[in-house]
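Visitor: Could you have a look at this structure, given as structure tokens, before my questions?
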Amino acid sequence: MPPLGRASLLLSLLLSPVGASAGQPDPDPAPELRPDGKGAVPRGQSHQGQVPGPASVSGTSANGIGYHGGPVILGQTNVYYIWYGAWTDTAARTILDAFAQGIGGSPYFGINGTYYSLDASGASHPVSNAVALAGESFCTSAASGACWQGASNLSDSAIQAVVAGALASGALKTPDPNGVYFVLTSPEVTKSGFCTSYCGWHTHATLQGLDVKYAFVGDAATQCPSACMEQTIGPNGDAGADGMASVVAHELEEAVTDPDLNAWYDRRGRENADKCAWTFGTTSTAPNGALYNLTLGGREYLIQRNWVNAAGGYCALQYP
Ligand SMILES: [Zn+2]
């Protein structure tokens, strides 16, 4: 574009939309977007929601994120792991189990207590700082039942079928309205979009008549360490599982504050964890040289920060 001359500058001013200069300038004039649950993008990428549409805000948007009227998970959140694939890396289970068992009650998960739902009377109901690892199941090529979908090129609908299969088989009892079901794929399992568009995601579906919240998180250790892992060594000695812990945290805090993709997000369709993806704050160095920033359940983890819905909004590792 050539430099503007005086005449063309005047012309562009004359052609500006009427009213654009009156009143308060819109800080972000781009169209609003809704979240798609896929904001856990690879390192170096930025994310915007992909479903255009009006986004009326009924709660505060003064903190850089607004409430859009949908539910949050109230009371204790129950994490379920569905270990999909060979998972010969048995240390992964130890590391990620301890993470789910240790995150509840932590100052880190306390950040989610700045989010709430509003009931019909306008009363506010905040998210609880309570998380349990409520169940696990295993889905391998050898397992009977409906959960196994093959080990390569899983689609989004295949991930839903894994969850549905695990629930139908009775491996995880009945659907839990306070549950978040994580499909954790082992390093040899490939998934369309994993490593290129996202490192994980969360969504919901009606299964057995209930609104079931579920998420996908892949092990990037062999497929894309530079895209979906912050470091190639982990504080617990397992780079793949240690890297997954941060993505599990990301999807968990979004599944709790925006389970149906209609509660808490910003004008660009970014949910709370999306706004702080791949930022870690102050870190320490473990004996093996890996960085960490949180200690949960006696183990150290390098976990991305989360967005605090208070004091104007900011990324943090704890609240208050
Ligand atoms: Zn996200």
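Every residue, every condition in (1) within 16 Å of the ligand (Cβ to nearest atom); (2) touching a residue at least 60 places away in the same chain (Cβ under 8 Å); (3) not in a strand (DSSP E or B), yes or no:
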residue: Val189; (1), (2), (3): no, yes, yes
residue: Thr206; (1), (2), (3): no, no, no
residue: Gln223; (1), (2), (3): no, no, yes
residue: Thr232; (1), (2), (3): no, no, yes
residue: Gly237; (1), (2), (3): no, yes, yes
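Visitor: What are the residues in region 177-190 that are within 22 Å of Arg43 (Cα to Cα) and either open to solvent by 10 Å² or more (accessible area, probe 1.4 Å) or among the small types (Gly, Ala, Ser) (or both), if any? Let's see the steps before the verdict.
Guide: First, the residues of region 177-190 that are within 22 Å of Arg43 (Cα to Cα): 182-190.
Listed by number, the residues that qualify are Ser186, Pro187, Glu188, Thr190.
Visitor: Residues being part of a helix (DSSP H, G or I), open to solvent by 10 Å² or more (accessible area, probe 1.4 Å) and charged (D, E, K, R): count how many of those fall in region 243-274.
Guide: Selection size over region 243-274: 1.
Visitor: A follow-up question, please. Tell me whether region 166-176 contains one or more residues that are open to solvent by less than 40 Å² (accessible area, probe 1.4 Å) and closer than 23 Å to Ser192 by Cα. I'd like the intermediate steps shown before the answer.
Guide: Of the residues in region 166-176, the ones open to solvent by less than 40 Å² (accessible area, probe 1.4 Å) are 166-167, 172, 175-176.
Checking the rest, the ones that are also closer than 23 Å to Ser192 by Cα come to 166.
Yes; the residues of region 166-176 include at least one that is open to solvent by less than 40 Å² (accessible area, probe 1.4 Å) and closer than 23 Å to Ser192 by Cα.
Visitor: Follow-up question, since we're still on this one. When only residues in region 27-50 that are exposed (fewer than 13 other Cβ atoms within 10 Å of the Cβ) and over 17 Å from the mean Cα position of the chain (by Cα) count, which is modelled with the highest pLDDT?
Guide: So the residue we want is Pro31.
Visitor: Still on this structure, please answer the following. For region 250-277, which positions are in contact with a helix residue (DSSP H, G or I) (Cβ under 7 Å, 6 or more places away or on another chain) and either more than 9 Å from the ligand (Cβ to nearest atom) or of a type in the set (D, E, K, R) (or both)?
Guide: Glu253, Glu254, Val256, Thr257, Ala263, Trp264, Asp266, Glu271
Visitor: Do you know which of the residues in region 109-140 that are free of Cβ contacts under 8 Å to residues at least 12 places away in the same chain and assigned to a loop (DSSP other than H, G, I, E, B) is nearest to the chain's Cα centre (by Cα)? I'd like the intermediate steps shown before the answer.
Guide: Taking region 109-140 as the starting set, the residues that turn out to be free of Cβ contacts under 8 Å to residues at least 12 places away in the same chain are 119-124.
Next, from what is left, pick out any that are assigned to a loop (DSSP other than H, G, I, E, B): 119-123.
Working: Asp119: 24, Ala120: 27, Ser121: 30, Gly122: 27, Ala123: 26 Å.
It comes out as Asp119.
Visitor: Taking only pairs six or more apart or across chains, which ones have beta-carbon atoms under 8 Å, a first residue in region 84-96 that is within 14 Å of Gly243 (Cα to Cα), and a second residue that is open to solvent by 60 Å² or more (accessible area, probe 1.4 Å) and acidic (Asp, Glu)?
Guide: From residues that are within 14 Å of Gly243 (Cα to Cα), there are no pairs.
Visitor: Determine, yes or no, whether Lys173 is of a type in the set (Lys, Arg) and not in a loop (DSSP other than H, G, I, E, B). Before you say what the answer is, go through the steps one by one.
Guide: Details: of a type in the set (Lys, Arg): yes; not in a loop (DSSP other than H, G, I, E, B): no.
No.
Visitor: Would you pick out the residues in region 205-236 that are of a type in the set (A, V, I, L, M) and surrounded by fewer than 22 Cβ atoms within 10 Å (Cβ to Cβ)?
Guide: The initial filter retains those residues of region 205-236 that are of a type in the set (A, V, I, L, M), namely 205, 207, 210, 212, 215, 217, 220-221, 227, 229, 233.
Correct list: Ala205, Leu207, Leu210, Ala227, Ile233.
The values are calculated or read from the model by the stated rules, or taken from the named source; none is laboratory data. Computed from a prediction, not measured in an experiment: that's the story for all the values here. When we count neighbours, we look across all protein chains shown, and the Cβ atoms used for this are built from the backbone with ideal geometry, even at glycine. For accessibility, only protein heavy atoms count, side chains too; no ligands or nucleic acids. Shrake-Rupley method; radii C 1.70, N 1.55, O 1.52, S 1.80 Å.
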